1. How tilted is helix 71-80 with respect to the longest principal axis of the chain? Cα atoms for both, answer in degrees (0 to 90, nearest 10).
2. Can you give the Kirkwood hydrodynamic radius for the chain, in Å, rounded to one decimal and based on Cα pairs?
3. List, in order, the whole-Hz ³J(HN,Hα) value for each residue of the stretch 92-101 obtained from phi through the Karplus relation with A = 6.51, B = -1.76, C = 1.60 and θ = phi - 60°; use x for Gly and Pro.
4. Can you give the local net charge around residue 51? Use residues other than it whose beta-carbon is closer than 15 angstrom to its beta-carbon, Lys and Arg +1, Asp and Glu -1.
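Taken together, the values in this text are just the output of simple stated rules run on the coordinates, not laboratory data. Predicted, not measured: the structure shown is a model, and the values here were computed from it. Positions of Cβ are generated from backbone atoms using ideal geometry, with glycine treated the same way; all protein chains shown enter the neighbour counts.
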Amino acid sequence: MATRSFNVMSYSVSLTRELGWNINGTGVIHSASIRVQGQAAEEFLIIGFLPDDEAIPADADGFIFRPQHEYLWYIDLLRNERPITAIRHENPAFNEIYTGPEPPGESEVPRTP
């Protein structure tokens with residue numbers, strides 16, 4: 001797959017007792033994941049959160065694996081920042097999500113209903 005950069009249009013959260021994925025022939029057990037989605041069906045990344053005391057496997061196509069203590073960092077980013085861009089890289093070690101540029105010292109602007 002070629003490297004693809006896309007604007008994150010939505011995200012969904014999965015919280016469970018124990019969910020397993022088969023990633024490159026290795027079982028990966030986690031209890032939380034976030035899927036970020038772009039406009040097209042193939043524009044997605046799944047961020048899986050593993051217990052802090054477990055080894056983090058290498059990222060795979062369409063996946064980022066992080067320790068569970070970083071879960072709130074990702075949720076905060078998705079809830080409070082925009083625009084958010086994701087990169088689904090042909091080398092999965094470079095998969096990422098990030099925000100657009102912001103000026104230094106910017107404070108959050110209250111949203112009106």
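1. 30 degrees
2. 15.0 Å
3. x, 4, 9, 4, 6, 10, 7, 9, x, x
4. Values: positive: 17, 66; negative: 18, 52, 53, 54, 70.
Overall, the nearby charge balance is -3.
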